[in-house]
Amino acid sequence: MAVEEDTRRTPEPPTGPLTEAQAERMFADMNDVIRAGEEMRRLRAEMIRLFADLGWTQDRIARLTGMSQPAVSKQVTKHKGDDPSPPPRLSLDQHDAPWLEGRLWGLAEEISETLHDTAHCTRYVNAVARGRKHFTPQNVDELRRLVEADLRLHRTALPDGHRHAYDEISRALDTAAPSAPTPAESPSARRTLARQIQRAGLREDA
């Protein structure tokens, strides 16, 4: 009878090396990765349509994304009946917040790589890549402080173009954006485009 009672007893949480708080953190990290994966899939689908609108062939997009041509075609045709939107501007001189945040992100990545991951902004950059950091106003301010610290402390190791880019981005973030039509792309797509164009620009200037 005692054996039957033991089998029905609710087991107590383990009190060994893995605490409840640690288990909660572990599952939270897993959930972050899952959410980041879902967000990245949506972003990839939007970027595929964007490059198709820019005139890139489906075969070319398939090769670059590692997807099959039919899979790319499915993404493109899914929104074929939507109202056509003009191709995005690809110049750095744009002042909406997502674009400027993307430029700041790209600059931080270049600083991190130049300083061999010893930069103050490296942990933030890695957190963004893993979906653990999002571009809230508070997080953007934090990234700005980290980039400023790296530019100040590693002035001789970083090209002058990094400081020039940061000053330009910082001034634009501190001033109200001029009135302009709302971009057709999502904020995530705007950040991704600006990030890559900013990195390409810094490398050309180096």
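Tabulated data
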quantity: Which listed residue is buried (at least 18 other Cβ atoms within 10 Å of the Cβ) and either over 26 Å from P183 (Cβ atoms) or not β-branched (V, I, T) (or both), from H120, H95; calculated: H120
quantity: Residue within the stretch 23-31 that is surrounded by fewer than 11 Cβ atoms within 10 Å (Cβ to Cβ) and at pLDDT 80 or above present; calculated: no
quantity: Those residues of the stretch 98-116 which are at negative phi and without any contact (Cβ under 8 Å) to a residue 12 or more places away in the chain, in sequence order; calculated: E113
quantity: Residue list for the stretch 148-159, filter: among the polar types (S, T, N, Q) and buried (at least 18 other Cβ atoms within 10 Å of the Cβ); calculated: none
quantity: Count of residues meeting criterion [in a helix (DSSP H, G or I) and exposed (fewer than 15 other Cβ atoms within 10 Å of the Cβ)] in the stretch 128-147; calculated: 6
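The values are calculated or read from the model by the stated rules, or taken from the named source; none is laboratory data. What you are looking at is a predicted structure, and each value in this text was computed from that prediction instead of being measured. Counting neighbours? That spans all protein chains shown, and the Cβs are built from the backbone with ideal geometry, glycine included.
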